[in-house]
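The next block holds one structure in the form of structure tokens; read it before the comments.
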Amino acid sequence: MIYMVNIMKKISYERIYQSQEYLSPLGEIHHRALFGGYTLAVGEAVFAMVSDGELYLRACEQSAQYCVRNASSFLTLVKRGRPVLLNYYRVDEGLWQNHEKLLQLSSFALEAARKERYQRHQRHRLKDLPNLTFQIEVLLLDVGITNETTLRVLGAEECWLKVRTKNRHLSIKLLFALEGAIEGLHEAALPAVRRRELTEWFNALPALPENHSDR
């Protein structure tokens, strides 16, 4: 199992380096690990992902025709044990051979990512989401969760765990608040099934080495 994981990691890094080389005209491309895969970004704009050694570009209005014509397959990641279809389409071998088209579609993806990021920044900060106060926003920013997209991709549980690395005294109330922010709901309006899932997850967490009290 570990051997296969290392093999896939090696293949993915080779694809990342290839992508950085082919798409260098877009700017300096940074990568970051996320859910077993890697995001590719220029600045703060994530325009592509690499998963299991394959490159996926962010789909947008300009690339829609290409995706339909080529019956592109889209990236699926497993989140909380359930498959989640993402808006990123696979770069097949034919597109890798067509450097000009690959660069064009990548530039479309990058521009769409930048536009959405700008619009999101104009619309609201984290504290403007349901349940999230200025204090909670500070906690999230302190662990690198700076925008709504990251909050959604990570999910309530992972965000809560990240915050706990800096602040050990967290209660289940923050977990409900984060889930509500992601779903656009007041924490009291969370579906009973989801609230029960979060409660079971919270209660199953191993105890911290030192005594602490929730707040």
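Of all residues being in contact with a Ser or Thr (Cβ under 6 Å, 6 or more places away or on another chain) and of a type in the set (Gly, Ala, Ser) in segment 11-63, which is nearest to Gln104 (Cα to Cα)? Just the residue, please.
Only one residue fits best here, namely Gly53.
Kindly provide the set of residues from segment 40-60 that are buried (at least 21 other Cβ atoms within 10 Å of the Cβ) and either among the aliphatic types (A, V, I, L, M) or touching a residue at least 60 places away in the same chain (Cβ under 8 Å) (or both), ordered by number. Don't jump to the end; show me each part of the working.
Keep residues of segment 40-60 that are buried (at least 21 other Cβ atoms within 10 Å of the Cβ), which gives 40, 46-51, 55-59.
Result: Leu40, Val46, Phe47, Ala48, Met49, Val50, Leu55, Leu57, Ala59.
Pull up segment 61-75, narrow it to residues that are polar (S, T, N, Q) and touching a residue at least 12 places away in the same chain (Cβ under 8 Å), then point me to the one that is least open to solvent (accessible area, probe 1.4 Å). Walk me through how you get there before you give the answer.
Step one: list which residues in segment 61-75 are polar (S, T, N, Q), which gives 62-63, 65, 70, 72-73.
So of that shortlist, the ones also touching a residue at least 12 places away in the same chain (Cβ under 8 Å) come out as 62-63, 70, 72-73.
Working: Gln62: 104, Ser63: 0, Asn70: 64, Ser72: 25, Ser73: 55 Å².
Ranking the qualifying residues of segment 61-75, first place goes to Ser63.
I'd like to check which strands (runs of 3 or more DSSP E) are fully inside segment 25-110 and have at least 2 residues that are basic (Lys, Arg) and either in contact with an Asp or Glu (Cβ under 7 Å, 6 or more places away or on another chain) or modelled with pLDDT under 90 (or both). It would help to see each step written out before you state the result.
Numbers: elements: 29-34, 37-42, 45-51, 54-58, 74-79, 82-90.
Ranges flagged: 82-90.
Suppose the filter is open to solvent by 40 Å² or more (accessible area, probe 1.4 Å) and either at pLDDT 90 or above or among the charged types (D, E, K, R) (or both); does Glu148 pass it?
Criteria not met by Glu148.
Which helices (runs of 4 or more DSSP H) sit wholly inside segment 113-191 and have at least 2 residues that are of a type in the set (Gly, Ala, Ser) and under 17 Å from Leu34 (Cα atoms)? Step through it out loud before you land on a result.
Numbers: elements: 134-142, 148-164, 172-183.
Helices (runs of 4 or more DSSP H) meeting the threshold: 148-164.
The values are calculated or read from the model by the stated rules, or taken from the named source; none is laboratory data. Not measured: the values here are computed from a predicted model. Using ideal geometry, Cβ is built from the backbone for each residue, glycine included, and neighbour counts are taken over all protein chains shown. Calculation scope for accessible area: heavy atoms of the full protein, side chains included, ligands and nucleic acids excluded. Shrake-Rupley method; radii C 1.70, N 1.55, O 1.52, S 1.80 Å.
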